[in-house]
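**Student:** Please find one structure pasted underneath; my questions will follow.
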Amino acid sequence: MEYSVVVHKAEEGGFWVEVPALSGCYSQGETLDETLENVREAIDLYLEVLTEGKEIIPRDEEIVFKVSVGA
């Protein structure tokens, strides 16, 4: 299963990441590689909690594009 993530540069350095399809699923890290590894773990734990609670696993139906503008 794959989920779209949005990576942001943190003001204090490093990065933080959110998973739009999984409300409240966030993580952070000092490097991009560390951040992505941490969010994989966060997603796994999030899904584990949903599974244990017999809740519906949200699907990622996001379509993400970058759009260029003239500014």
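**Student:** In debye, nearest 20: dipole of the chain around its Cα centre with unit charges on the Cβ of K, R (+) and D, E (-)?
**Tutor:** On the way: 5 positive and 16 negative charges, 65 e Å.
Here the size comes out at about 320 debye.
**Student:** Continuing with this model, one more query. For segment 46-55, just list the computed ³J(HN,Hα) in residue order, Karplus coefficients 6.51, -1.76 and 1.60, θ = phi - 60°, integers in Hz, with x standing in for Gly and Pro.
**Tutor:** These are the phi-based 3J(HN,Hα) values: 4, 5, 4, 5, 4, 4, 4, x, 6, 9 Hz.
**Student:** Would you work out which of W16, T35, V64 lies farthest towards the positive end of the dipole of the chain? Charges go on Cβ: Lys and Arg +1, Asp and Glu -1.
**Tutor:** V64
**Student:** Want the number for R40 to A71: 0.36 nm per residue separation, take away the alpha-carbon distance, what's left? Each step should come with its number before you reach the end.
**Tutor:** On the way: separation 31, 0.36 × 31 = 11.16 nm, distance 3.47 nm.
Fully extending the segment from R40 to A71 adds 7.7 nm.
**Student:** Could you quote the convex hull projected area for segment 1-56, Cα atoms only and averaged over all directions, in nm²? The partial results should precede the final answer.
**Tutor:** Details: hull surface 15.4 nm².
Taking the Cα atoms of segment 1-56, their convex hull projects to 3.8 nm² on average.
Bear in mind these aren't lab numbers, they're just calculated from the coordinates by the rules spelled out. The structure presented is a predicted model; accordingly, all values stated were derived computationally and were not measured. Glycine also receives a Cβ, built like all others from the backbone with ideal geometry; neighbour counts cover every protein chain displayed.
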